[in-house]
Amino acid sequence: MGAERIQQLVSDEDLAVTDLLNACEDYCAAVAGVEPERAEDAQRARNRAKARLATVHQRLKQAVLEVAG
């Protein structure tokens, strides 16, 4: 069970990293194109992705500690 949980969390973390990178790219493109509304939307998406990544990473760390302990 522990190894499966860690594998799932690693997959979730990979997805969260991809979402964060995409949001950052969208934000940069919007700022470069002087599109304030699009930049605001991209910034909100970036903030959500950062929060999701932090949550998944914390869960992954906890799962690894549980398996190691």
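Read the figures in this text as sums done on the coordinates, not as results from a lab. None of these values were measured; they are calculated from a predicted model. Note that each Cβ is placed from the backbone with ideal geometry, even for glycine, and that neighbours are counted across all protein chains shown.
Normalising the Debye intensity of the chain to I(0), with uniform scatterers on Cα atoms only, and taking log10 at q = 0.13, 0.29 Å⁻¹ returns -0.45, -1.11. For Arg5, put the label point 7 Å out on the Cα→Cβ axis and report which residues of region 48-69 keep their amide N under 14 Å from it. Only 58-69 fall inside the zone, counting backbone N under 14 Å. Applying a DSSP loop filter and a limit of 10 other Cβ atoms within 10 Å to the trypsin sites (Lys or Arg not before Pro) in the chain leaves nothing. When the Gaussian network model of the chain links Cα atoms closer than 10 Å, the mean-square fluctuations of Glu25, Glu37, Glu13 top out at Glu37. Other residues within the sphere of radius under 11 Å centred on the Cβ of Glu13, judged by their own Cβ, net out at 0 (K and R +1, D and E -1). Neighbours of Cys24, meaning other residues whose beta-carbon lies under 14 angstrom from its beta-carbon, give a summed charge of +2 when Lys and Arg score +1 and Asp and Glu score -1.
Placing a pseudo-label 7 Å from each Cα along the Cα-to-Cβ vector at Glu40 and Val67 gives an inter-label distance of 4.4 nm.
For the chain, the longest principal axis of the alpha carbon atoms and the long axis of helix 2-32 meet at an angle near 10°.
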